[in-house]
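Below is one structure, written out as structure tokens, with a few remarks after it.
Any read-out appearing in this document is the output of simple, stated calculations on the displayed coordinates, not a laboratory observation. This one's a predicted model, so the numbers in the text were calculated from it and none came from an experiment. Cβ: placed from backbone, ideal geometry, glycine included. Neighbour counts: every protein chain shown.
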Amino acid sequence: MSLVYAVKGTVRYKEASTLLIELQNITIRVWCDSESIERSSIGQQVELFTHLELNQSEVVLYGFSRKEKLHIFEKILKVSKIGPKTALKIVGSVEPEEFVHLIINKDVERLGQLPGIGKKTAERLIAELKDEQFEVDSEYSTQLFDAIEALVALGFGRTESSEAARSVFKNSMSTEQIVKEALRKLTKRK
């Protein structure tokens, strides 16, 4: 459990991988996953669930807009040879439910396709996390995963693709049906 469980403040500045958050009279830098960055705008009040990482040269705070993402991040950090920067890339490129699904189903191929992960790292993730208890719902299907990937390939952001696909998903749907329904939803927004 991290010393700083969450921070709540105003976004003062956004970068590719960090937010500067003003907490009353101080401003702190928080390294975030892509979803947390995408959902934040300058001047907005945000709450981020955090993990404090200490090493010999620096103190770094990692933050996530959802508790589930923090939970997965901390599980990934337990895996040998994976540091916080790689864990952050993984959490930013896959939904917590997808990640749990891939671990439970020992899907080396799909895990190996995530940024910062090759086949050996995917195998290590599965070997070291297969017996972990995840506080995330693992109800996920290969069709849903494929539909999200298809939407991302069509140019939609990962966060919006995941939200749209998950909102239309029913267990009996094919990948094509999920993509078709999600596209209807996504094109209505624009």
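Taking a ≥ b ≥ c as the square roots of the Cα gyration tensor eigenvalues, with a/c under 1.5 meaning rounded and otherwise prolate when a/b beats b/c, else oblate, which class fits the chain?
oblate
Just to verify a number: FRET efficiency for Glu132 and Glu15, C-beta to C-beta distance, R0 = 25 Å, to 0.05?
My answer for the efficiency is 0.20.
What is the antiparallel percent of DSSP beta bridges lying wholly in the chain, to the nearest 5?
Looking only at bridges with both residues in the chain, the antiparallel portion is about 90 percent.
Please list, ordered by chain and number, the residues whose modelled amide H lies under 5 Å from the amide H of Cys32; skip anything fewer than 5 residues away on the same chain.
The list, which skips near neighbours in sequence, is Thr18, Leu19, Gly63.
By its C-alpha gyration tensor, with a ≥ b ≥ c as the square roots of the eigenvalues, how is the range 68-129 shaped: rounded for a/c under 1.5, else prolate for a/b larger than b/c, else oblate?
Here the range 68-129 falls in the rounded category.
Suppose every K and R has +1 on its Cβ and every D and E has -1 on its Cβ; what is the size of the dipole of the chain about the Cα centre, in Debye to the nearest 20?
440 debye
If you add up the charges near Lys130, with Lys and Arg at +1 and Asp and Glu at -1, over every other residue whose beta carbon is less than 14 angstrom from its beta carbon, what do you get?
Net charge in that neighbourhood comes out at -1.
Residue farthest toward the positive end of the dipole of the chain, with Cβ of Lys/Arg at +1 and Asp/Glu at -1: which of Phe49, Ser36, Ser80?
Sorting the options by dipole projection puts first Ser36.
Multiply the residue separation of Ile104 and Lys67 by 0.36 nm, subtract the distance between their alpha-carbon atoms, and state the gained length in nm to one decimal.
Full-extension gain reported as 11.3 nm.
Taking the chain as a Gaussian network, where each spring joins two C-alpha atoms under 10 Å apart, which residue of Ile37, Ile26, Ile178 fluctuates the most?
Highest fluctuation among the options: Ile26.
Which percent, nearest 5, of DSSP beta bridges in the range 26-114 are antiparallel?
75 percent
Could you list Ser65, Ser141 in order of exposure, starting from the residue whose Cβ has the fewest other Cβ atoms within 10 Å?
By the 10 Å Cβ count, ascending, the order reads Ser141, Ser65.
Using a 10 Å cut-off around each Cβ, can you sort Lys119, Lys81 from fewest to most neighbouring Cβ atoms?
Ascending number of Cβ neighbours within 10 Å: Lys81, Lys119.
Compare the Cα positions of Thr121, Val100, Leu70 along the charge dipole of the range 68-129 (+1 at Cβ of Lys, Arg; -1 at Cβ of Asp, Glu; about the Cα centre) and return the one farthest towards the positive end.
So the residue we want is Thr121.
Simple spin-label model, 7 Å along Cα-to-Cβ: Gln24 to Lys185 in nm?
The answer from the label model is 4.1 nm.
Using a Gaussian network model of the chain whose springs link C-alpha atoms within less than 10 Å, name the residue from Ser167, Ser57, Ser41 with the highest mean-square fluctuation.
Ser57
Quick one: which of Lys130/Lys180; Lys67/Lys89; Lys69/Lys120; Lys119/Lys185; Lys14/Lys89 span more than 25 angstrom between C-alpha atoms?
Pairs exceeding the cut-off: Lys130/Lys180; Lys119/Lys185.
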